[in-house]
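Just below is one structure, and these are the notes that go with it.
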Amino acid sequence: MSASGSVSTVSRDDHLVLSSEDSSSPVESELELGLGLSLGGGGFIKAQQQASGGGGGGGQYARILTAKDFSSVVSSSSCLSSSSSSLSRGDYVAAGTKRSSDSVAAANGSSQVVGWPPIRAYRMNSMVNQAKSVASEEYNSMMENKRKNSLVEKTTDVCSKNSASAKGRTSPFVKVNMDGIPIGRKIDLNAHGCYESLVQTLEDMFHQPTTPSFVLLGSSVQEPTRPSKLLDGTSDYVLTYEDKEGDWMLVGDVPWGMFLGSVKRLRIMRTSEATGLAPRLQESNGRQRNRPI
Amino acid sequence: MESESKRKKESPNTAELAVTASFPDEVLEIVLSLLTSHRDRSSVSLVCKDWYRAERWSRTQVFIGNCYSVSPEILTRRFPNIRSVTLKGKPRFSDFNLVPPNWGADIHAWLVAFAAKYPFLEELRLKRMAVSDESLEFLASNFPNFKLLSLLSCDGFSTDGLAAIATHCKNLTELDIQENGIEDSSGSWLSCFPESFTSLEVLNFANLTSEVNTDALERLVSRCKSLKVLKVNKSISLEQLQRLLVRAPQLEELGTGSFLQDLTARPYADLESAFNNCKNIHTLSGLWEAVPLYLPALYNSCANLTFLNLSYTALQSGEFAKLVVHCPRLRRLWVLDTVEDKGLEAVGSNCPLLEELRVFPADPFDEEIIHGVTEEGFVAVSFGCRRLHYVLYFCRQMTNAAVATIVQNCPNFTHFRLCIMTPGLPDYLTNEPMDEAFGAVVKTCSKLQRLSVSGLLTDLTFEYIGKYAKNLETLSVAFAGRSDRGMQCVLEGCPKLRKLEIRDCPFGNEALLSGLEKYESMRSLWMSACNVTMNACRRLAKQMPRLNVEVMKEDGSDDSQADKVYIYRTVAGPRRDAPPSVLTL
C-alpha cells in the first residue's frame, strides 16, 4: 500500500467485507453482531464503521473516483513533482478542471468522473432501463406454471402494487452475503422469475465443497419432487433478506413480486444463528410471522 | 463507362511512363474498378496523373474517417461516380459525453451536395453524425436508387425520420439503426413500409424501444424473402419472435426481443422448433432480460453460431457456462461481466476458435467491490483460445504477470483494449505500475493496430509503445503518464499512428508541440484535461495551416487553459459550423 493511502487495492488477505453506505444505521450494526458474521475480531464491524465515516476515507479498497476526490484543484507543478512509485490519484487532476456529473451519473444517483469508464451512453442507459422496466406481473404469472411445490400464493393484485418500478432501484443487483465467506456477491434479481430459480443460482454461487450440508435447494427445476431444503429449514443454512424497513425476514414467505419490491439485500445465514429470528421480529415489531423455524 | 468522361490521355514525358502510355484508359479503369480497398485506391491515385484520373472515375465507394477533413464540394468534384458513402463525424470521446452538444458533424450539407452530384447514390453509412428528421426525409425523397442506410451512434433524429425512409425508399435493402440518440416516439414507422415492398435484406431496430405493430412486422418479414438479418427490439415477445422465425427460416443473423415471458410447455416447444428450423443463423444477439429457463431453446441453434452478443443479458456464470458448451464454433463473443471468471473459463474450454472477446461491466459505477471479471478470466480465455486477436476487457483488477501470460499465449493481438475501471490502479499483487503489462503487449504483439491502456502507468509505458508498437494506428490513454516525455515517445516512435486520444494526463505544451510534423500524417488528436494552454494551441495552429485546431471551452474554467483540444488534418480549411463553445484557432 502506498504511503499516501489513497492508492489502494483489496488484498486477498484483508478479508474485509465491503459494505455500502446504507448499512450504517446503529440498529443494523447491532443486528449484524447478533447474527455473528464471522470474520475474526469484528473486522466486519470495523469496516462498517470506516465506511459509514464517509466514502472518501475508510478502508483499503479500490473504487471509482467520485467528485469528492477531484474537489481540490491540483496545479500542474504537483503533477510532475511526485517521484515516488505510487502516484495518488489526485495527481491525475492535471489541469484542475471542474468535473460535472453528466446525465448518466444523475441516473445512477452518484457523481463520478465524466465519461469514465468509457462505456457508450446508449449502453449505460440500457442497463439502467433494464432494471426499471420489468414488471412483477410477468414474474407472478410465471409462477403459475412452475411444477415445483408452490410456496408462493397467487396474488396478482398485490404484485401489481409492488411492481419492480416501486423498488426505486437503479441497479437490478442486490448483495448476497453468506456466513463464513468474507466477500459478498451480487445477484441480478431480474434474471429470476421465482424463488427456485434464485435459490438455485445462489447454490451455484456459494457452493463450496468444504462447507458441510450446504444445500439450499434440493433439486434443479426439472425434479419437482424434492423439496427446497433452504426454504423448509432442513439445511444448515437459511436464506434471509433485509426488507425496506430494515427487518430481516425469511425468504419464501411472501409472493415473489412482493419480495422483489421490498428486498434490499440477502444473507445466507447459519440456521443456528437464525433461531429466534422470526420471534424476535415478532416481539420488536408486533408483526405476525407465521413461519415456524 | 460514361463516354462523356473520356479525355485524351496526354503523352507522358518520362521514359518510365512510356509503358503505361499505351495502356488505354478504358482498360485501366476496368482494372482499377476491381480495387476495393480504400488504401489501395489512395496509393493508386498517387502513381501518376493518368492513374489518378482513372482511379477517380472508377471509384464508386468512398470512406471519410473525419467528415471535416474534406468538404462535400471537394469530394464531389474529385469523384463523380460515387454510389456508396461512409462518413464518420464526431470525435470518439463524444460517445462518453465529452463533446458539447451541437458540436457539428451535420449530414445535411452533404446530402444536398449528393442530391446534385450523386443522384444515384445507393448506400450511406454514418457514424457519430448529427442527423435530423428533415435530413432523413430529404434522403428518402431525393435518391430513387437508395438501398442502404446504416446509422451508428448518431443523434438528432426521431422515429418520424425512419417513417420517411420506410415510406419512400422503394429499393431499400438495408436499414440498420444502432446505438443512436434517437427520439423514440412511436413504433408506427415500421408500418410505413408499403405492402408492395419486398426488397429488405437487413432490418435492425434493436436500439429502439417503442412497440411496433407486430402484424405489420410479420407481414413485412413474410414478404421479404431475401431477409437475412433481423434484429428486433425489446418490445417483441418470445411468442411473437417464434412467429417471425417461422416466417423467415432463411435468417442468418438474429437479434431477439425480450427473452422473458411466461411460456407454458407448448409455446416453449414451438419456440425451440422454430429456432431449430433456422439452420443458417450464425449471429445471435438481443436476449434482453433472458431468464435461464428459456435458454435451452437456443442450444441447437448455437452449434453454428460464430457471433454471440450477450452484452445486454445479465447471465450468471453457471447458466452461461451451460450455454457456451453448445457454441464450439464461436469466433466472436460479447458478454457482461456477470458471467465472472468461471464463465470465461468455460469459454476457454469450449471455444477454441474464438477470435474476439468483449466483456462489458454490468455495474460500472458501483463503488463497492463486487465480482465481475478479474485477470484470471482473461488468462483462462487466453489459454483456451489461441486465435484471440481482439479484446475489449473491463475489469477491476489486473496484474502485469497476467497480461504477460496472456500475450504469450496469444501473440497475434491486433486490438488490445484493457480498461481497469479504477483510474490509476496499480498491479494489485505487486503494487507496481502496469507498465510491464503494456510493455509485454507491444513487445510481443507485432501486429498490434489498436491499444487502449489503463491502470497506473508511468512514462515507461509510452517509451515501450514508441519503441515497439510499429504498427499501432489508434491509441487511447486516460489517467496515465508522468511527463511530456510520455506523449513525445509515442509521437516520435509510432510511424503508423493515425488516431491519438488522451484524457486526464499530465502532458503539456512541450508534448503537444513535439508532434507538429506528425499531425498531418494522422487523422486526429484529442487531448482533454491535460496541461495544454491556449497559447500553445495558437502557436500550433499558426505553424500548421493544414491542421484545424479546435478548442472546446468549459464554463468557468481558466481562460488560458485549453480544456479540450481536437486537432485534425483537413483540406477543407477551418469549418464554419462550429458552435460558440468551440473555438477554431
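The values are calculated or read from the model by the stated rules, or taken from the named source; none is laboratory data. Worth saying up front: this structure is predicted, and the values here are computed from it rather than measured. Glycine also receives a Cβ, built like all others from the backbone with ideal geometry; neighbour counts cover every protein chain displayed. When the accessible area is computed, the model is the full protein with side chains, heavy atoms only, and any ligands, DNA or RNA have been set aside. Shrake-Rupley method; radii C 1.70, N 1.55, O 1.52, S 1.80 Å.
Being without any contact (Cβ under 8 Å) to a residue 60 or more places away in the chain, surrounded by fewer than 21 Cβ atoms within 10 Å (Cβ to Cβ), touching a strand residue (DSSP E or B) at 6+ places or on another chain (Cβ under 8 Å) and closer than 26 Å to residue B:60 by Cβ narrows it down to one of B:150, B:132, so name that one.
It is B:150.
Considering only the stretch A:183-293, give the helices (runs of 4 or more DSSP H) lying wholly within it that have at least 2 residues that are at pLDDT 65 or above.
Qualifying helices (runs of 4 or more DSSP H): A:195-206, A:256-262, A:271-274.
When you look at residue B:491, is it buried (at least 21 other Cβ atoms within 10 Å of the Cβ), over 21 Å from residue B:420 (Cα atoms) and of a type outside the set (Asp, Glu), yes or no?
Spelling it out, residue B:491 is indeed buried (at least 21 other Cβ atoms within 10 Å of the Cβ), over 21 Å from residue B:420 (Cα atoms) and of a type outside the set (Asp, Glu).
Going residue by residue through the stretch B:398-409, is there one that turns out to be more than 9 Å from chain A (Cβ to nearest Cβ), open to solvent by 10 Å² or more (accessible area, probe 1.4 Å) and either within 27 Å of the chain's Cα centre (by Cα) or of a type in the set (Lys, Arg) (or both)?
So far as the stretch B:398-409 goes, yes, one or more of its residues are more than 9 Å from chain A (Cβ to nearest Cβ), open to solvent by 10 Å² or more (accessible area, probe 1.4 Å) and either within 27 Å of the chain's Cα centre (by Cα) or of a type in the set (Lys, Arg) (or both).
Provide a single number: the residues in the stretch B:153-182 that are open to solvent by 30 Å² or more (accessible area, probe 1.4 Å) and over 23 Å from the mean Cα position of the chain (by Cα).
5
Given the criteria open to solvent by less than 20 Å² (accessible area, probe 1.4 Å) and in contact (Cβ under 8 Å) with a residue 40 or more places away in the chain, does residue B:362 qualify?
Against the criterion (open to solvent by less than 20 Å² (accessible area, probe 1.4 Å) and in contact (Cβ under 8 Å) with a residue 40 or more places away in the chain), residue B:362 qualifies.
Is at least one residue of the stretch B:203-221 within 17 Å of residue B:283 (Cβ to Cβ), of a type in the set (A, V, I, L, M) and open to solvent by 10 Å² or more (accessible area, probe 1.4 Å)?
Yes: one or more hits.
Which of the residues spanning the stretch B:94-109 are assigned to a helix (DSSP H, G or I) and either under 15 Å from residue B:579 (Cβ atoms) or modelled with pLDDT of 95 or more (or both)?
Correct list: B:94, B:108, B:109.
Inside the stretch B:492-526, can you point out the residues that are within 12 Å of another protein chain (Cβ to nearest Cβ) and among the hydrophobic types (A, V, I, L, M, F, W, C)?
Within the stretch B:492-526, B:502, B:505, B:507, B:511, B:526 meet the criteria.
Does any residue of the stretch B:280-302 turn out to be open to solvent by 20 Å² or more (accessible area, probe 1.4 Å) and on the phi > 0 side of the Ramachandran plot?
Yes: one or more hits.
For the stretch B:320-357, which residues satisfy the criterion of being open to solvent by 20 Å² or more (accessible area, probe 1.4 Å) and acidic (Asp, Glu)?
Result: B:340, B:341, B:345, B:355.
What number of residues within the stretch B:21-68 are open to solvent by less than 40 Å² (accessible area, probe 1.4 Å), closer than 15 Å to residue B:80 by Cβ and assigned to a loop (DSSP other than H, G, I, E, B)?
1
Which one is nearest to residue B:281 (Cα to Cα) among residues in the stretch B:237-265 that are within 14 Å of another protein chain (Cβ to nearest Cβ), open to solvent by less than 50 Å² (accessible area, probe 1.4 Å) and of a type in the set (A, V, I, L, M)?
Per the stated criteria, the residue is B:238.
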